[in-house]
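Read the structure below first, then the notes.
The values are calculated or read from the model by the stated rules, or taken from the named source; none is laboratory data. This one's a predicted model, so the numbers in the text were calculated from it and none came from an experiment. Please note: Cβ atoms are built from the backbone with ideal geometry, for glycine as well, and neighbour counts cover all protein chains shown.
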Amino acid sequence: MEVPGRTQDSPPKDSAGRSLSGERTIFCQPCSSDGDTIGAIGYCQNCNEYLCAVCLKVHRKQAVSRNHIILDGDNMPKVTIPAVTPNACSDICTKHVNEIVKYFCMSHDAVGCGDCMIIDHKSCKIDRIQDISTEYFNGTEHQNILKKVKQFVKDMDEIKGELQASEGNTRQAYTQAIKDVKAFKKEIIDYLNKAESEMLEMINERKKKNEMMIQELQQAESRIRRNIKEIQTKLQLQVNQANELFVEAKQVKAKLNDFEENLNSLKKDTSIDVYEFQRSSHMEQMVKSCRPLGDIVDQTEQEVEHVVSKYDHLVSSKEVTDHTGLDRKSISEMDAYFDCEINIKTQDDSSDCFIASCALICPSQIIIIDENNKCLKLVEVNIKKVSKYKVKNIPTGVAVVNPNLVSVTFPGERKIQFFTITTSNKIIESDMIIVSTGCKKIAIYEDKIIGITSTSVEIMSMSGQLIKSISNPNMVWLMDIAVVPSSQMFYVSNGSLGYKAVFKFDFDGNLIATYQDKDLVDVRGLEVTRDGIVLVCNWASSGSIRMITPDCKMIKELLKGDRHVSYPYCVTFCNETNKLFVVNSHYNLDKKFRNVLKVFQLK
């Protein structure tokens with residue numbers, strides 16, 4: 001009777017697995033990997049493995065191993081064979097499924113069966129794998145492969161760690177993005193609720209005022225009616241009494257004149273003003289545009305200013321990517337075409353306009369400074385409507401703090417006045433700060449005010465405290481200033497007194513670049529687009545708008561010889577619509593150029 005785990009003629013063993021005859025029993029290796037200790041009765045030279053009776057039977061039946069060389073009985077090795085031995089090949093050829101891979105071609109570094117060598121390598125030097133395999137073990141190539149595999153495992157571990165980190169970052173980014181969207185939505189809803197409350201309050205005040213007026217008029221009407229009834233009754237009672245009638249009539253005559261005046265006044269006052277709600281053109285345009293709440297951008301995305309820092313890169317590319325992630329044409333590739341003009345002179349203006357400065361609030365609104373008429377004017381572009389706010393002193397410069405707040409310079413009083421723009425497009429005075437110098441023009445950058453005098457740039461806090469003053473020997477008559485978006489850089493234009501130029505500085509006062517041109521007659525307004533391109537007014541009778549690169553090199557000249565442009569004094573640009581707004585200003589300007597805002601489309 002056979003005992004499991006021992007061959008029929010195996011000698012008895014002690015507890016350590018040694019036979020009592022002194023020889024050590026060799027166990028089946030496949031079974032040992034499963035934790036079973038069954039004695040081996042055969043050895044496969046191809047697999048370098050000891051097999052028990054069951055495993056040997058399966059080994060001889062499988063197609064992949066039925067041709068392997070099996071040693072059994074006394075032919076079986078008595079000790080474990082080393083891991084690498086010059087045994088027979090057993091791998092099946094991938095091209096010839098009935099053949100075994102036995103040969104190696106050194107010229108092509110390829111292995112194959114006999115058919116492969118005859119067909120593809122008959123002129124090559126061929127070696128038997130069995131003859132050269134032992135030399136390969138632990139050789140240079142073998143070691144290199146082991147190192148590469150080890151490195152691959154290490155790389156995969158790193159990738160796994162990065163993927164796990166990315167998974168965490170993705171969850172965090174998702175949670176934060178959802179939170180930010182909801183927070184922004186809440187801000188918008190809060191703003192709309194506040195705007196609605198303000199508008200309803202105005203409507204309620206108007207209603208209350210009208211109701212009080214109607215009540216007063218009703219009381220007056222009742223009083224006059226009673227008095228007239230009394231007179232009418234007295235006259236009727238005394239119709240047959242001549243003396244009393246005469247006296248009463250004379251007394252009533254004087255009262256009738258008063259009644260007539262009161263009655264005429266009452267008729268006039270009963271005409272109550274009928275009001276209606278007029279939509280904000282800016283809000284209406286925003287709703288119609290169906291713009292998304294924002295964009296989803298990569299945190300590693302570089303700022304536009306850095307992307308276009310080199311002019312060659314800027315103009316060599318036909319397309320650039322805007323903040324929405326969509327490809328669009330660079331404005332350096334565009335030309336300007338006249339769109340329309342907007343009359344900016346109001347009926348109560350005492351003289352022709354002299355527009356000293358202008359700034360874009362949003363695609364549908366522009367704020368302008370009219371020196372001659374001492375006022376601010378809010379231009380609603382789409383409906384060509386102008387709202388005016390009169391001031392006591394002469395304003396010269398304007399900058400947008402946010403869509404509801406602008407700042408205006410009054411150099412004669414050395415002050416900067418802030419003005420609030422309400423949801424109904426009314427201009428209301430807000431805070432005011434006193435500055436140490438009379439700034440002519442200003443720009444706003446984050447929490448700083450950058451103003452210019454004739455010869456210097458003054459960097460101040462929002463409270464007017466001087467942070468730094470920047471001067472340069474060539475700055476003798478500064479005209480305008482423009483700050484580079486998302487960068488502590490700014491441009492100033494210098495004109496009139498010989499050195500016509502545009503200077504680029506950083507906030508430390510370092511001169512970065514200078515733009516000069518022999519054909520530049522004079523320099524006035526400045527604007528920096530989102531692409532980093534600078535627009536500067538060439539102030540001349542047949543003037544133009546110069547387009548220059550961030551490092552102050554000429555790109556092109558817009559509107560040269562255009563019949564709508566003469567002495568262009570200030571310019572602003574809408575990055576959303578690619579509209580260019582130009583105001584011509586000069587004391588001797590032809591009348592057809594006065595009092596209008598010129599609108600051009602870049603395409």
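Some points to look at:
- Ile449 being in a strand (DSSP E or B), free of Cβ contacts under 8 Å to residues at least 40 places away in the same chain and hydrophobic (A, V, I, L, M, F, W, C): no
- Within the stretch 570-584, the residues that satisfy the criterion of being closer than 17 Å to Val379 by Cα and not aliphatic (A, V, I, L, M) are Cys570, Thr572, Phe573, Cys574, Thr577, Lys579, Phe581, Asn584.
- Just one of the numbered conditions (1) within 25 Å of Asp349 (Cβ to Cβ); (2) buried (at least 21 other Cβ atoms within 10 Å of the Cβ) is not true of Lys385: (2).
- Residue selected from the stretch 490-507 under the condition free of Cβ contacts under 8 Å to residues at least 40 places away in the same chain and part of a loop (DSSP other than H, G, I, E, B), by the criterion surrounded by the most Cβ atoms within 10 Å (Cβ to Cβ): Lys500
- Test result for His68, buried (at least 16 other Cβ atoms within 10 Å of the Cβ), assigned to a loop (DSSP other than H, G, I, E, B) and at pLDDT 85 or above: yes
- Just one of (1) of a type outside the set (Lys, Arg); (2) under 27 Å from the mean Cα position of the chain (by Cα); (3) at pLDDT 90 or above fails for Ser493. It is (2).
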